[in-house]
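What follows is a short report on a single structure.
Bear in mind that the values in this text are calculations on the coordinates, not laboratory data. For clarity, every value in this text was computed on a predicted model and none was experimentally measured. So basically every Cβ, Gly included, is an ideal-geometry build from the backbone, and we count neighbours across all protein chains shown.
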Amino acid sequence: MPIKQMLTVVLFLSMSDIMKRIFLITILRLVLLLTLGLSNCKSSGTNPSSRQDDTTYAPTAAINTTRGHELFQQRCIACHGLNGKYRNNNAADLQFNKLDSIGIINTIVNGKGAMPMFDHVMPDSDLAQLELYVKTLRR
Ligand code: HEC
C-alpha cells in the first residue's frame, strides 16, 4: 500500500468516534456532490429544452459585431460607406449583396473589380468578423 494511503488509514484509526463520523460524512457529501453534479451535466447535455432555460447560453449565442463594425470603418467605408450603400469607385451596394459567407470572404480576400484584395493584411479571425458584419448590412 502506498505511504499516503497508509498514513490516511493510521490517521483514521487514531480518530475519536465523533471525528470518524465527521470524516465519513464529509466523504459521503463529496461523493453525493460529484454524482449529482455529473447527472446535472448529463441532463443539460441531452435535453434541448433545458438549454433554453439556461440563461448562460444567451450571451455566447448572440452575434457580436463590434469588431466587424470597427474593421469595416477602418477598411471599407471609403468605397462602401458606413451603411454599405455608398458606391464610390462603382462599389457594390452591400445592402443588396446576396453572397453567401464563402462568397463574401472570397471577395474580401481576393478583391473584385476595383476592390483591392485584403489577403495578408488581416488575420482569419478578422475576416470572419467582417463577413458577419457585412451580412448585418443587408436590407
Ligand atoms: C477601393 C474601394 C473598395 C474598398 C476599400 C472595398 N471595396 Fe468592396 N467592392 C468595391 C467594388 C468596386 C466592388 C464591386 C466589384 C465588382 O462587382 O466588380 C465591391 C464589392 C464588394 C462585395 C461584393 C458584393 C456583391 O454583391 O458582389 C463585398 C462583399 C465587399 N465589396 C465587401 C468589402 C469589404 C468587407 C471591404 C473592407 C474590407 C471592402 N469591400 C472594401 C470596392 C471597394
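Other residues whose C-beta falls under 15 angstrom from the C-beta of Asn97 contribute a net charge of +4, scoring Lys and Arg +1 and Asp and Glu -1.
Each peptide among 14-23, 101-110 gets the average number of other Cβ atoms lying within 10 Å of its residues, and from highest to lowest they stand as 101-110, 14-23. In a fully extended conformation the segment linking Thr136 and Asn83 would gain 18.1 nm over its present Cα-Cα distance, using 0.36 nm per residue.
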